[in-house]
Structure formats: C-alpha cells, structure tokens
1. Which residue pairs have Cβ atoms under 6 Å apart, sit 6 or more places apart or on different chains, and have a first residue in segment 164-180 that is under 20 Å from Ala218 (Cβ atoms) and modelled with pLDDT of 95 or more and a second that is surrounded by fewer than 24 Cβ atoms within 10 Å (Cβ to Cβ) and small (Gly, Ala, Ser)?
2. Sort out which residues of segment 106-130 are of a type in the set (A, V, I, L, M) and surrounded by fewer than 23 Cβ atoms within 10 Å (Cβ to Cβ), and write them in order of number.
3. For residues that are away from ligand 1 (no atom under 12 Å from the Cβ), assigned to a loop (DSSP other than H, G, I, E, B) and either open to solvent by 100 Å² or more (accessible area, probe 1.4 Å) or more than 24 Å from Gly217 (Cα to Cα) (or both), tally how many sit in segment 246-297.
4. Residues of segment 81-95 being open to solvent by 30 Å² or more (accessible area, probe 1.4 Å) and outside any strand (DSSP E or B), which ones?
5. Run down Ala73, Ala66 and say which single residue is assigned to a strand (DSSP E or B), away from ligand 1 (no atom under 16 Å from the Cβ), open to solvent by less than 40 Å² (accessible area, probe 1.4 Å) and of a type outside the set (Val, Ile, Thr).
6. Can you find a residue that is in contact (Cβ under 8 Å) with a residue 60 or more places away in the chain and more than 20 Å from the chain's Cα centre (by Cα) anywhere in segment 214-223?
7. Exactly one of (1) modelled with pLDDT of 95 or more; (2) more than 12 Å from ligand 2 (Cβ to nearest atom) is unmet by Gly58. Its number?
8. Restricting segment 304-313 to residues that are open to solvent by 20 Å² or more (accessible area, probe 1.4 Å) and either closer than 18 Å to Arg89 by Cβ or part of a loop (DSSP other than H, G, I, E, B) (or both), which is nearest to ligand 1 (Cβ to nearest atom)?
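The values are calculated or read from the model by the stated rules, or taken from the named source; none is laboratory data. These numbers were taken from a predicted model, which means no experiment stands behind them. Don't worry about glycine lacking a Cβ; one is built from the backbone with ideal geometry, like all the others, and counts go over all protein chains shown. All accessible areas refer to the heavy atoms of the entire protein, side chains included, with ligands and DNA or RNA removed. Shrake-Rupley method; radii C 1.70, N 1.55, O 1.52, S 1.80 Å.
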Amino acid sequence: MTKAQVWKLKTAFDGIPKPENFELIEEDLPRLKDNQILVQAVYLSVDPYFRIFVGSDGDLPGEQVAKIIKSNAPDYPVGSLVCVHAGWRSHTVVNVTKSRRLELIREVPGLSPSLWLGTAGMPGVTAYVSFFDKCAPKSGEVIVVTAASGAVGATVGQLAKNLGLTVIGIAGSKDKCEYIKSLGFDYAINYKEDNISDALDKAAPNGVDIYYDNVGGAIADTVFGKLRSHGRVLICGLISTYNNTTEETGRNWSKDILFKQLKIQGFIVSDPEHSSRFSTARNELISLLRQGKVKAKEHVTEGFTKMPAAFIELFTGANFGKAIVKA
Ligand SMILES: NC(=O)C1=CN([C@@H]2O[C@H](COP(=O)(O)OP(=O)(O)OC[C@H]3O[C@@H](n4cnc5c(N)ncnc54)[C@H](OP(=O)(O)O)[C@@H]3O)[C@@H](O)[C@H]2O)C=CC1
Ligand SMILES: CCCCCC(=O)/C=C/[C@H]1[C@H](O)CC(=O)[C@@H]1CCCCCCC(=O)O
C-alpha cells in the first residue's frame, strides 16, 4: 500500500501565515481502479492565492508537476510527467476522466518541466492574457508593474518591453531591482528604500499609461496618482493585503476615474472566459522562452517538508522568482 504525505491546515491563518498553522499527516492510498493513475510530486507550486483559498477540510490547493508511477489509464503511461491540481501532497490517486485540471507535459528541449508551474503555466498565462487582452498596450506607452521580479510581474514587464513600452518595475530589494534591469526594464524602483512618488515622477514625467497591479495597498495608491488621461489599471493581485486583519482603507479615486476617464479592471486567470486562451498563451510563452525573449527565474526550495516555509516566504519577499518546492 502506498502512503502519501499530506500538508493540512491545522489552524486558521491569522495575519501572516506561521509554521504552526500547518500539520503534516500520512494517508493510506487506495488501490488503483480503472482510469486511475498514481502520481508522485516532483515539483510543487507555491502561490499567493493559497492564503485565501483553503478547502473546508483543511486541504491546501495548488498545482504540481508529478511523475506517473502506476497507471490504469492507457493514455497515461508510467514515467510520464503531468501537471495536476493535487494540492500539498506527495502522492495522489488521480482519475484521468474526472480530474478537471490534469495535463500531460510534453518535453520541450532546454526547458525544465517546473516551468509548467511558472512562466509556461498559470502565472505566465495570467501575465500574457491579462496584458495583451485587457491592458490595450501600445508601443511608446509607459507601464508600471509591481512585484516586478516575481512570476507574474517579470513576465508582464518583459512582454511589455518586447512590445516597445517603457517599463517601470517596483520591487522590494536592490538585488531584485538589478535583476529586472537585467531583463530589460527601463527603470527599477525599490519600494523599501526609494520614495516611489519621486522616482515615478523622474521615470515618467508625463505620467503612466498602464498600471499592472500585483500588490494593492499604499503602493497602488501612489501609482494611481500618476495615471494619465485614458490610463488603464489591471488589478491582478493584492498581495500586500492578503494578511490584513482589519478592513483596508484607502483613497477614493472616483474623481480621477471620471475626469481622466480611467479604465480599471480585475482579472482572474481561472475564469472560464480565459480558458480558450490558455494553450495559445502557453505555446507563445514557450516559444518566447526558447528564443530567450522572455526569461524565467525560479526560487526552488528543496524538500516537501519545507512547503509551509516556502509559502510563508512569499509574504516577506524572501522568494526571488517563481516559488517552487522540489519534492
Ligand atoms: N489574478 C490572477 O489570476 C492571478 C493573480 N496572481 C497575483 O499576482 C501577484 C504576484 O504573484 P506571483 O507572481 O505568483 O508571486 P511573486 O513571485 O511575485 O511573489 C510574491 C511577491 O510579492 C511581493 N510582496 C509580498 N508582500 C508584499 C507587500 N506587502 N507589498 C509589496 N509587495 C509584496 C514580494 O516581492 P518584493 O520583494 O518585490 O516585495 C514577493 O516576492 C499576487 O498578488 C498574486 O495573488 C497570481 C496568479 C494569478
Ligand atoms: C488571494 C486572492 C488572490 C486573487 C488573485 C490570485 O492570485 C488568483 C489566483 C487564481 C489562480 O490562477 C488559480 C486560482 O484558482 C486562483 C484564484 C481563483 C479565484 C476565484 C474567485 C472567484 C470564485 O470565488 O469563484
């Protein structure tokens, strides 16, 4: 009988997640039935949204790249890799006909399968579809991107640069700022040291056309104040607020929205509206990665037992690139 190690939420989060919120349990897995496969996690994705979306039974969400180690499904041979939404588990029995989010990973020379969790997966597709379909970007415009060295932010910045925009990234350390400059970003602002407002005035004296918001909160308020007429805001994430314990208060932007005729929209990549775009976006990202026109940085933590630590790092900025755990 195969045993699985499974991370569960033991106590509800209160503020920033803590190691004691999690517990590691062992589970006996049943024998395989028809159309079932047994998979073993190889790489597990660590994403900010886990902070909010935990199953009622304490199950923790998330995708993993996993190896098929037993199979009762002819199209899923032993040894193949899949990308599957299996959560924080070392081993999982998956029904191939019933699983909504299961995909065989095709081998792409030069690309690690772990990229299926990052630039060639959900975060990359988020960046690609939200930027091209929702931001109406034009060459010569100015875009500001926050959490700019991360999985989503770094991809958005590079796509924008490839299209001929002036790209301003905001990130939380000197190293991260140097990194995004090395990717081609025109300006990098360290929000922990620089005065964001002054730095934006210098980098974009005529204002900002697109604000790609990954963080919300006070940083977003500052950038909102720099938008030009007909500016667009894409709210992709609000990571600075996910651990809030009190309701957020902020400036009311109605007057700016009205007189500057701003467009502000949210984006959730898992909305069915975007499902038809997923494979085109992924294929395009794979092609850009292979040509070196988009680069991916991964922050890999070794060991399934480190899942909680890797997750907590997202909220201190200790990750530098797409957070992944190698089982
Ligand atoms: N809408 C959608 O469908 C999706 C949205 N997202 C969202 O995109 C955002 C980025 O996700 P992802 O690229 O996976 O993660 P990242 O790889 O960017 O990692 C998170 C980063 O957020 C930054 N951060 C953490 N806390 C704060 C804070 N208080 N203020 C400012 N920055 C902070 C840190 O970078 P630094 O050191 O620079 O502060 C940290 O490294 C998140 O908000 C996430 O929820 C992601 C996927 C899909
Ligand atoms: C903590 C909130 C994060 C919102 C932004 C974010 O990170 C979204 C991530 C999505 C990821 O692509 C896969 C998902 O399932 C994430 C969120 C799904 C939100 C659905 C909300 C609508 C609903 O309640 O059905």
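1. Filtered contacts from segment 164-180: Ile168/Ala203; Gly172/Gly317.
2. Those that are of a type in the set (A, V, I, L, M) and surrounded by fewer than 23 Cβ atoms within 10 Å (Cβ to Cβ): Val108, Leu111, Val129.
3. Matching residues across segment 246-297 total 10.
4. Answer for segment 81-95, where residues must be open to solvent by 30 Å² or more (accessible area, probe 1.4 Å) and outside any strand (DSSP E or B): just His85.
5. Ala66
6. Yes, segment 214-223 has at least one match.
7. Of everything listed in (1) modelled with pLDDT of 95 or more; (2) more than 12 Å from ligand 2 (Cβ to nearest atom), Gly58 misses just condition (1).
8. This residue is Ala309.
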